[in-house]
Amino acid sequence: MTTQIVLIDDHKLFREGVKRILEFEQGFEVVAEGDDGSSALGLVEEFNPDVVLMDINMPHINGVEATAELIKHHPNVNVIILSIHDDENYVTHALKSGAQGYLLKEMDSNSLIEAIKVVSDGGSYLHPKVTHNLVQEYRRLSEENSNKLSERMVDYRKPLHLLTRRECEVLQLLADGKSNRGVAETLFISEKTVKNHVSNILQKMSVNDRTQAVVSAIRNGWVEVL
C-alpha cells in the first residue's frame, strides 16, 4: 500500500528537498503541499493522507495550532512536526496538540523515512536529540519535586506537639484540596484509615470540620499553601 503524505512548510526549497527524498522511497507519495498552517485542514479534507509533515514555524497559523485544529476535525490523522527547535517546551506543546512525531530539520533522510513508517502504523517517533532533552528535563523536574517534598516534610514538624506525623501529612493533603480517596491514594492507605485520621485531627484541633481544620492550620503556618 502507498503511504500518502501532505507536506506543509513555508520554505519552498526545504519542501522540495523533502519531497525529492520521499519520491525516491518506494511506497511513499506526496499527494499535496501547502505553505501555511491555514491550508492544512483543506488539504487533509481533500486528500485524506496517511501522514502530514508539518513545519512548526509558519506565518498566520503555526504548526502546533494547525495540528490541534486538524486533530479536532480529523482525530485519526497522523502528524509529524518538523522543527529547528529541540527545546522541550516546543516538543511538549507539539505533543499536547496531538502530533505523533517530532523531527528536527537537521535529520537525515533515513530518520525521516523511519518516522513516517512508524507514525503511519500508529506509533510515535521523536528525534533522538529531542528524546534526550525530554529525559533530562524529566530528571530535573523529578529532582525539583523531590526537593519540594523534602521541604514540605520539614513543615510537618510544626504541629507535631499536637498531631502525629501521619496526621500532619493528612492535614497537608486536606489543605491541598484532596478528598478522602485522594488522600488514601497519595499515602497508599485505606479510606477508612483516612477517616480515622481526619476524625483525630478534628478532635485534637478542637474544630468541627475539615474546612475549619485547614483554615486553622493555614493561620498557624502548619501547612504549605500552593
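The values are calculated or read from the model by the stated rules, or taken from the named source; none is laboratory data. Model, not experiment: these values are computed from the prediction. Don't worry about glycine lacking a Cβ; one is built from the backbone with ideal geometry, like all the others, and counts go over all protein chains shown. Accessible surface areas use protein heavy atoms only, side chains included; no ligands, DNA or RNA. Shrake-Rupley method; radii C 1.70, N 1.55, O 1.52, S 1.80 Å.
So here's what we get for this one:
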{"item": "Test result for Glu88, open to solvent by 50 Å² or more (accessible area, probe 1.4 Å) and either acidic (Asp, Glu) or at pLDDT 95 or above (or both)", "result": "no"}
{"item": "Filter result for Ile21 (touching a residue at least 60 places away in the same chain (Cβ under 8 Å), open to solvent by 40 Å² or more (accessible area, probe 1.4 Å) and not in a loop (DSSP other than H, G, I, E, B))", "result": "yes"}
{"item": "Matching option when the condition is over 22 Å from Leu95 (Cα atoms), open to solvent by 70 Å² or more (accessible area, probe 1.4 Å) and at pLDDT 90 or above, among Glu65, Glu16, Glu69", "result": "Glu16"}
{"item": "Any hit, region 44-54, residues being without any contact (Cβ under 8 Å) to a residue 24 or more places away in the chain, open to solvent by 10 Å² or more (accessible area, probe 1.4 Å) and on the phi < 0 side of the Ramachandran plot", "result": "yes"}
{"item": "Residue within region 193-216 that is within 30 Å of Asn78 (Cα to Cα), modelled with pLDDT of 90 or more and open to solvent by less than 60 Å² (accessible area, probe 1.4 Å) present", "result": "no"}
{"item": "Output for region 195-219, where each listed residue is within 14 Å of Leu163 (Cα to Cα) and among the hydrophobic types (A, V, I, L, M, F, W, C)", "result": "Val198, Ile201, Leu202, Met205, Val207, Ala213, Val214, Ala217"}
